[in-house]
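To keep things clear, I will list the structure first and then write my remarks on it.
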Amino acid sequence: MLTSIEISKSLSEKDHTVIILHKESDLKHYLKKAEEIEYVKKKLQDFSIVFLNQLYRNVYFVKEKDHTDLYKKNEALRKTGCELSSICKKEKIRNIYLTGNKEEVLLAAEGLLLGGYEFLKYKSKKETVALETITLVAEKISKEAVHELENLIEATFMARDLVNEPVVFLNAEQFSEEIKKAGKEGGFKVEVFSKSKIESLKMGGLLGVNKGSVDPPAFNVLEYKPAKAKNKKPYILVGKGVVYDTGGLSLKDTASMDKMKCDMAGGAAVTGAMYAIAKNKLPIYVIGLIPVTDNRPNGNAITPGDVITISNGKTVEVLNTDAEGRLILADALSYASRYKPELVIDLATLTGSAMRAIGKEGIVFMGNAPKKVKHELMESGDDVYERLVEFPLWEEYGKQLESDIADIKNIGGMDAGAITAGKFLEHFVDYDWLHLDIAGSAFLTGTDSYRCKNGTGVGVRLLYNFFKKIN
Ligand code: BES
Ligand code: ZN
Ligand code: ZN
């Protein structure tokens, strides 16, 4: 059950309450006794949350340190919100009031909600989520802002659920079903191309990777086109949808395979972002493209040394079947060209190299889009704390992809693997484009505050924020 957010004009005397202090002198509005004020002030020097018990209820005072960058303070508030969510679970708190200025209250609520995420579908004992309602008390806070946040959280949870689903449930066909459900609830159109349509489009990358699978592939086209869109040419979001990556005949070992249900996290992020954009009715025309298959070493699987032809006519020598993401993305990026897009952003758990370079702390990105667009996306990354770092696409790296027998090969050498993957994708774009390698931040093996263990939903809040700020 999702925690609901309410708005109230006044605080309750009986309920558990969180007070976000803008400045310490505000304490006198909430506490009468001088010794209590002194106690809280003193504790706040060492902790960002201080609590006082008032018999049947707890009052939590929150004061974040000032940072030179506002986005860092905002992140601290989300993290404090997440700590409050653990406290609520432990204390079995069902309703809580949250007061402060409206921006800060919304940030703490965001952390509280995101931190409360659980994936319980396969647990026999489903412990219920403790927190039922958060009541916000803040001047000028609007119902619209609250709904917007609720929709964004729901979209992030949708992406997390999709990533956390094992392939026994989430095969290509089921992924399309989930995307259709999201479209119905969120208000965007979904068209699913069957295998025969994919064949008629000559998507040799998607079909090649799918050759080792017993399940057919799918190519999902999501469309949100509001009447008053600010853009004529669409923005296109492309998401890698490998529902499970065994590596194919270039088989992974168990330790690097056991998390590979996460290899559709790009597709999940695109689904979640489309949901948030449509549900919140942003005036932006956006298309999502999600090619989906699993990657397995079955009877007729593609072999190292095979040559395939991508839908734009380029031939690829497949020297490693574990570099499969770029093959299905090549078809999706080629398909995007027919829309003459404003900008294409692809998201993919593409390389171990990106993960090793930046870990879980951020996203490696690259592309040919104008500096201004890159800067705007990076700013959105700071805003939601899904930070981006740019890697170069210098032409020298392209040499690594030269093939003896085809136009290009699908792997480079030992070094700069995230970049050579980007250079590969570059062969299939003829528009402004950004590639986001989310291999490091899509799936966590330990909890990282409100990002939670397992699927993080990375990309959803980032893309939503980016499109919200476009004008
Ligand atoms: N899905 C993997 C990349 C990955 C690694 C995602 C770790 C999430 C966490 C991708 O398909 C892959 O296997 N890439 C290979 C490419 C190599 C064979 C050129 C890699 O990075 O090792
Ligand atoms: Zn792979
Ligand atoms: Zn993969």
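The values are calculated or read from the model by the stated rules, or taken from the named source; none is laboratory data. As the structure is a prediction and not an experimental result, all values here were calculated from the model. Virtual Cβ from ideal backbone geometry, glycine too; neighbours counted across all protein chains shown. Side chains included, ligands, DNA and RNA excluded: accessible areas come from the protein's heavy atoms. Shrake-Rupley method; radii C 1.70, N 1.55, O 1.52, S 1.80 Å.
Legend: P(r) of the range 270-388 from all alpha carbon pair distances, 5 Å bins from 0, whole percents, reading 2, 8, 14, 18, 21, 16, 11, 6, 3, 0.
At full extension, LEU201 and LYS180 could sit 5.4 nm farther apart than now, given 0.36 nm per residue minus the alpha carbon distance.
For the chain, a crude dipole built from +1 on the beta carbon of Lys and Arg and -1 on the beta carbon of Asp and Glu, taken about the Cα centre, is about 1320 debye to the nearest 20. Averaged per residue, the range 264-351 has 25 square angstrom of accessible surface, using a 1.4 angstrom probe with ligands and nucleic acids left out. Charge tally around ASP46: other residues with Cβ under 15 Å, Lys/Arg +1 each, Asp/Glu -1 each, net +1. Each Lys and Arg adds +1 at its Cβ and each Asp and Glu adds -1 at its Cβ; summed about the Cα centre, the range 266-327 shows a dipole of about 420 debye.
Computed in the context of the full set of protein chains, the accessible area of the chain at 1.4 Å probe radius has 51% of its extent on carbon or sulfur.
Once the C-beta distance of GLU173 and LYS143 is scaled by a Förster radius of 41 Å, the resulting FRET efficiency is 0.60 to the nearest 0.05. Efficiency by 1/(1 + (r/R0)^6): what FRET value for ILE470 and SER194, r their Cβ-Cβ distance, R0 = 30 Å, to the nearest 0.05? Approximately 0.35, to the nearest 0.05. Descending by average beta-carbon neighbour count within 10 Å, the peptides 378-388, 55-65 line up as 378-388, 55-65, the highest first. Rg then Dmax, both in Å and based on the Cα atoms of the range 204-346: 16.2, 51. With equal scatterers on the alpha carbons only and no solvent term, can you work out the Debye log10 of I(q)/I(0) for the chain at 0.10, 0.11, 0.13, 0.14 1/Å? Debye intensities relative to I(0), on a log10 scale: -0.73, -0.86, -1.12, -1.26. Label sites at LYS42 and ARG94, each approximated as a point 7 angstrom past Cα along Cα to Cβ, lie 3.7 nm apart. Stretching the chain fully between SER25 and THR303 yields a gain of 93.2 nm (0.36 nm per residue, less the alpha carbon separation). In this Cβ point-charge picture (+1 for Lys and Arg, -1 for Asp and Glu), the range 4-141 has a dipole of about 400 debye about its Cα centre. All C-alpha pair distances within the range 4-141, sorted into 5 Å bins from zero, spread as 2, 10, 20, 23, 20, 13, 6, 3, 1, 1, 0 percent across the bins.
Approximating the spin labels as points 7 Å out from Cα along Cα→Cβ, the TYR56-to-LYS399 distance works out to 7.7 nm.
If R0 is 35 Å, the Cβ-Cβ spacing of PHE119 and GLU379 corresponds to a FRET efficiency of close to 0.65. Please give the calculated 222 nm ellipticity per residue for the chain, where each DSSP H segment of at least 4 residues contributes -39500 (n - 2.57) and the sum is spread over every residue; nearest 500 deg cm²/dmol? Rounded to the nearest 500, the figure is -11000 deg cm²/dmol. Ellipsoid semi-axes for the range 75-220, based on the Cα gyration tensor and the rule √(5λ), read 39, 19, 12 Å when sorted largest first. Per-residue packing, averaged as other Cβ atoms within 10 Å, sorts the ranges 447-459, 251-263 into the order 447-459, 251-263, beginning with the highest. Screening the chain for DSSP H helices whose Cα atoms reach 24 Å or more along their own axis and whose mean Kyte hydropathy is at least -1.0 gives 70-91, 143-164. Modelled this way, with points 7 Å down the Cα-to-C-beta line, the labels at SER337 and SER12 are 6.0 nm from one another. If you average the sequence gap of Cα pairs under 8 Å that are 6 or more apart and divide by the length of the chain, what percent do you get for the contact order? It comes to 16 percent, rounded to a whole number. Each peptide in 366-376, 146-156 receives the mean, over its residues, of other Cβ atoms within 10 Å, and ordering these scores from highest gives 146-156, 366-376.
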